[in-house]
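Working notes, structure below.
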Amino acid sequence: MDSLSNKAGFFGKVTASTTHEQQNVFAIIKENSGLMEDILLIHKGGDLSDIEEKLKKCITSVKNQAIRGVGVTSGLNYFAHTTDNIENSVNVLELTKKFIVVTERMFKQKNVTITISEPEQSSQALIDPVFFQMVVFLCLECLAEHSENTGHTFIEIRFLDNMPDITFLCNESSLSQNDYRDKMTSSTQWEEILNLCRQANFTAKIVADVLGITICLK
Amino acid sequence: MDKVNILLIDDEIEFIETLSERLELRGYNSEIAEDGETGISMITTKDFDVVILDLMMPGLSGLDTLRQIKAIDKKLPVILLTGHGSTKDGMEGMQLGAFDFLMKPLDINKLIEKIQLALK
């Protein structure tokens with residue numbers, strides 16, 4: 001598949017998940033608005049003091065969902081703007097954090113929780129931010145899919161101080177390390193990771209002693 | 001006349017709590033489950049007349065939950081909720097035996113209409 005189709009597919013996946021979450025935000029706001037209407041209709045002409053608590057609860061829910069919605073839209077907007085420049089001096093940690101916010105729900109659907117271990121000094125790198133996000137996404141997908149965990153999968157994203165490398169570590173797998181590694185490296189995601197890294201001038205390595213992938217950005 | 005018992009299954013708790021209240025104001029009994037496994041467990045221990053089921057949930061997916069519901073009680077009507085623009089999941093759900101599907105955000109009057117049709 002060519003680079004443009006890959007990028008289009010990637011944007012489709014991320015925006016589909018984020019806009020789905022936005023639908024949930026609007027659904028909650030709509031139900032709360034409707035409930036307030038129902039309550040006021042039932043109590044029309046009567047004493048409203050006994051329903052004050054119910055209405056306050058609805059209003060709080062609407063406010064909280066509006067805040068949640070702004071967060072979702074802001075994240076999506078930031079994501080959309082990462083296409084503005086093909087090559088950019090990027091704070092790799094900040095870009096990763098914002099990308100995880102946008103994709104968190106998608107991975108939660110797959111029973112994957114992602115955490116980020118922040119370095120004391122984050123680094124800048126001159127990279128294509130879209131390729132970078134695609135590589136991050138594929139690394140997470142690759143680790144999540146091949147861990148064969150029946151329960152929850154925890155993936156840690158690690159940065160070293162002042163180094164533009166990024167490491168993805170999976171907490172555990174029901175497979176042995178060698179089997180997990182073999183499965184990962186023979187997967188289509190791994191092939192795509194290597195392909196993207198070649199195009200973006202990154203290097204992808206399997207981490208030696210644990211279940212993980214390191215991406216060297218230079 | 002006996003009240004209709006509805007089970008709402010969705011990981012968005014605020015959504016189903018509020019929807020449950022609105023259905024109760026309209027004369028229905030309703031209970032909620034925040035994931036597929038809890039919903040399945042409730043179906044095995046209580047009688048419900050209709051299930052309202054979200055398609056996109058973490059853990060046991062909406063479609064897998066639907067499969068298990070149908071394995072327990074083939075005749076229990078299930079109305080699917082989807083936030084997707086495309087109806088692909090909705091159609092797959094229909095093939096698995098769902099009664100119908102609705103898009104989120106919901107129009108409660110349309111939901112009531114579907115519930116009444118399902119009960120006939």
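The values are calculated or read from the model by the stated rules, or taken from the named source; none is laboratory data. Note that the coordinates shown come from a computational prediction; the quantities given were computed from them, not determined experimentally. Using ideal geometry, Cβ is built from the backbone for each residue, glycine included, and neighbour counts are taken over all protein chains shown.
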If you check A:SER147 against the conditions, is it among the hydroxyl-bearing types (Ser, Thr, Tyr) and touching a residue at least 60 places away in the same chain (Cβ under 8 Å)? yes
Quick check on the stretch A:163-176. Is at least one of its residues modelled with pLDDT of 85 or more and small (Gly, Ala, Ser)? no
Considering only residues that are under 21 Å from A:SER74 (Cα atoms) and buried (at least 20 other Cβ atoms within 10 Å of the Cβ), look in the stretch A:115-129 and name the one that is farthest from the chain's Cα centre (by Cα). A:ASP128
The number of residues in the stretch B:23-36 that are in contact (Cβ under 8 Å) with a residue 12 or more places away in the chain, within 14 Å of another protein chain (Cβ to nearest Cβ) and more than 12 Å from B:LEU53 (Cα to Cα) is 5
When residues of the stretch B:37-63 are filtered for being more than 14 Å from every other protein chain (Cβ to nearest Cβ) and part of a loop (DSSP other than H, G, I, E, B), how many remain? 4
In the set A:GLN177, A:GLN133, the lone residue that is in contact (Cβ under 8 Å) with a residue 24 or more places away in the chain, out of contact with any strand residue (DSSP E or B) (no Cβ under 9 Å at 6 or more places or on another chain) and over 21 Å from A:PHE107 (Cα atoms) is A:GLN177
Residue check: is A:THR103 under 21 Å from A:ASN24 (Cα atoms), out of contact with any helix residue (DSSP H, G or I) (no Cβ under 7 Å at 6 or more places or on another chain) and of a type in the set (Val, Ile, Thr)? no
Does A:SER17 satisfy the criteria of being surrounded by 14 or more Cβ atoms within 10 Å (Cβ to Cβ), in contact with a helix residue (DSSP H, G or I) (Cβ under 9 Å, 6 or more places away or on another chain), closer than 28 Å to A:ASP165 by Cβ and within 12 Å of chain B (Cβ to nearest Cβ)? yes
So which of A:LYS108, A:LYS44 ends up being within 14 Å of another protein chain (Cβ to nearest Cβ) and either surrounded by 13 or more Cβ atoms within 10 Å (Cβ to Cβ) or under 29 Å from the mean Cα position of the chain (by Cα) (or both)? A:LYS108
Scope the stretch A:24-41; condition surrounded by fewer than 19 Cβ atoms within 10 Å (Cβ to Cβ), facing chain B (nearest Cβ under 9 Å) and within 16 Å of B:GLU14 (Cα to Cα); matching residues: A:PHE26
Within the stretch A:50-74, the residues that are of a type in the set (S, T, N, Q) and over 24 Å from the mean Cα position of the chain (by Cα) are A:THR60, A:SER61
Take B:LEU63 and decide whether it is at pLDDT below 95 and in contact with an Asp or Glu (Cβ under 9 Å, 6 or more places away or on another chain). yes
When the stretch B:64-93 is examined, which residues are found to be crowded, with 16+ Cβ neighbours inside 10 Å, among the hydrophobic types (A, V, I, L, M, F, W, C) and outside any loop (DSSP other than H, G, I, E, B)? B:LEU66, B:ILE69, B:VAL78, B:ILE79, B:LEU80, B:LEU81
Considering the stretch B:73-120 alone, what residues qualify as being β-branched (Val, Ile, Thr), within 14 Å of chain A (Cβ to nearest Cβ) and touching a residue at least 40 places away in the same chain (Cβ under 8 Å)? B:ILE108, B:ILE112
Selected residue (criterion: surrounded by the most Cβ atoms within 10 Å (Cβ to Cβ)) from residues of the stretch B:4-63 that are closer than 28 Å to A:GLU37 by Cα and among the basic types (Lys, Arg): B:ARG22
For residues that are outside any helix (DSSP H, G or I) and out of contact with any strand residue (DSSP E or B) (no Cβ under 6 Å at 6 or more places or on another chain), scanning just the stretch B:2-22, find the one that is nearest to the other protein chains (Cβ to nearest Cβ). B:GLU12
Quick one: is A:LYS57 more than 19 Å from A:VAL135 (Cβ to Cβ), modelled with pLDDT of 90 or more, touching a helix residue (DSSP H, G or I) at 6+ places or on another chain (Cβ under 9 Å) and assigned to a helix (DSSP H, G or I)? yes
